[in-house]
Amino acid sequence: MSSRWLRPHIVLIAICGDLDMATTPQVTAYLAEHTATRPQHVILDLTEVEFLAAHGVQLLLTAQDNAQAGGGRLHLVGASTNRRVHYPLTVLGLTDHFDLAPDLATLLGNLDT
Amino acid sequence: MKVSPLRRTTRWSYAPLPTAAGSARAQLSAQLLAWGVGEDDAEPAVLIASELVSNAVEHAGTALELGVSFEGSVISLTVRDHSPRPPRLQPHSLNRRAGTRTADGPRPRAALGLRTAPGRQDHPCRHHRQQTARSHPGYAWLNPVRDQVRAGKMRKCLLALSHPGPSRDQAAGATTAALCRMTSR
């Protein structure tokens with residue numbers, strides 16, 4: 001996992017590997033730590049996620065709820081192109097529930113305007 | 001019992017650790033590949049097995065076995081635990097974590113919990129089958145698979161998924177089974 005502030009109000013957090021029962025506790029803690037200042041936009045880069053289990057989907061839903069509760073928004077990058085993420089989201093009917101950005105550059109362009 | 005020579009089968013045992021699902025995914029993927037099952041056909045089977053194993057770890061908390069058999073175009077998965085407690089469906093809202101529904105209506109919440117801890121039995125499956133089938137997290141994961149299949153949106157097919165039930169051949173433990181049909185051959 002890594003995080004990078006792209007703008008004063010935009011944080012990019014990249015998650016890699018499996019998002020399942022074994023790993024979500026650490027990822028949850030990491031997200032809490034790196035979004036504690038309530039950034040307006042939280043971007044999760046899921047390009048390197050290798051498996052998305054139900055626990056991982058729950059993590060994404062919670063992350064979105066938390067962002068919205070703080071007046072912010074959650075954006076997912078890599079989810080639409082990474083089949084290992086897109087497939088379970090499609091199965092669960094959640095592709096419209098999240099903001100699936102085509103790529104980071106496009107997303108940043110939209111957020112900057 | 002007569003067993004077809006074309007029926008291939010194997011199983012693995014796991015300790016009830018959070019890492020069990022990852023191990024199960026790796027071993028099942030490798031086995032299916034060795035049996036000549038393509039990645040597209042293996043993917044839904046691995047996904048389902050992963051959730052069933054996680055469920056057993058979380059709610060039975062005992063050693064468990066994942067079994068797989070493959071014959072023709074059907075992949076059969078079973079996960080068996082050894083909990084002396086009978087499995088119970090856990091009725092709750094998809095949005096129970098938040099306590100309320102989201103503004104734009106109910107959404108699948110994908111936490112797990114096919115098998116619940118012992119205690120109250122105030123929601124017999126019979127009465128809440130529909131509710132639990134729709135809202136139960138484990139099934140919140142798997143029922144959309146069926147919906148997608150019905151809607152023709154998925155190439156893969158989940159033929160059947162059982163609720164956790166008593167194992168026939170032992171006093172303790174529950175078995176959950178799923179059948180996946182390969183569609184690429």
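The values are calculated or read from the model by the stated rules, or taken from the named source; none is laboratory data. All figures in this text were calculated on a predicted structure; none of them were measured in a lab. With ideal geometry, Cβ positions are generated from the backbone for all residues, glycine too; neighbour counts draw on all protein chains shown.
Among (1) surrounded by fewer than 17 Cβ atoms within 10 Å (Cβ to Cβ); (2) in contact with a strand residue (DSSP E or B) (Cβ under 8 Å, 6 or more places away or on another chain); (3) among the hydrophobic types (A, V, I, L, M, F, W, C), where does A:Ala105 come up short?
(2)
When you look at B:Leu28, is it more than 8 Å from every other protein chain (Cβ to nearest Cβ) and surrounded by fewer than 18 Cβ atoms within 10 Å (Cβ to Cβ), yes or no?
no
Against the definition (exposed (fewer than 14 other Cβ atoms within 10 Å of the Cβ) and over 18 Å from B:Leu47 (Cβ atoms)), how does A:Thr47 come out, yes or no?
Spelling it out, it is not the case that A:Thr47 is exposed (fewer than 14 other Cβ atoms within 10 Å of the Cβ) and over 18 Å from B:Leu47 (Cβ atoms).
Against the condition away from chain B (no Cβ under 14 Å), free of Cβ contacts under 8 Å to residues at least 12 places away in the same chain and either more than 27 Å from A:Val91 (Cβ to Cβ) or of a type outside the set (Ser, Thr, Tyr) (or both), how does A:Ala69 come out, does it pass?
Judged against the criteria, A:Ala69 is not a match.
Might you check whether a residue that is outside any helix (DSSP H, G or I), in contact with a Ser or Thr (Cβ under 9 Å, 6 or more places away or on another chain), facing chain B (nearest Cβ under 10 Å) and without any contact (Cβ under 8 Å) to a residue 60 or more places away in the chain occurs anywhere in the stretch A:37-45?
There is no residue in the stretch A:37-45 that is outside any helix (DSSP H, G or I), in contact with a Ser or Thr (Cβ under 9 Å, 6 or more places away or on another chain), facing chain B (nearest Cβ under 10 Å) and without any contact (Cβ under 8 Å) to a residue 60 or more places away in the chain.
Taking A:Glu33 as the residue in question, decide whether it is part of a helix (DSSP H, G or I) and either modelled with pLDDT of 95 or more or at positive phi (or both).
yes
Of all residues in the stretch B:1-25, which are surrounded by 14 or more Cβ atoms within 10 Å (Cβ to Cβ) and within 14 Å of chain A (Cβ to nearest Cβ)?
Those that are surrounded by 14 or more Cβ atoms within 10 Å (Cβ to Cβ) and within 14 Å of chain A (Cβ to nearest Cβ): B:Tyr14, B:Pro16, B:Pro18, B:Thr19, B:Ala20, B:Ala21, B:Gly22, B:Ser23, B:Ala24, B:Arg25.
Spot the failing condition for B:Pro44; the list is (1) within 13 Å of chain A (Cβ to nearest Cβ); (2) out of contact with any strand residue (DSSP E or B) (no Cβ under 7 Å at 6 or more places or on another chain); (3) touching a residue at least 12 places away in the same chain (Cβ under 8 Å); (4) closer than 17 Å to B:Arg181 by Cα, and only one is missed.
Only one criterion in (1) within 13 Å of chain A (Cβ to nearest Cβ); (2) out of contact with any strand residue (DSSP E or B) (no Cβ under 7 Å at 6 or more places or on another chain); (3) touching a residue at least 12 places away in the same chain (Cβ under 8 Å); (4) closer than 17 Å to B:Arg181 by Cα is unmet by B:Pro44, namely (2).
Go through the stretch A:75-113 and count every residue that is in a helix (DSSP H, G or I) and not polar (S, T, N, Q).
Qualifying residue count for the region: 15.
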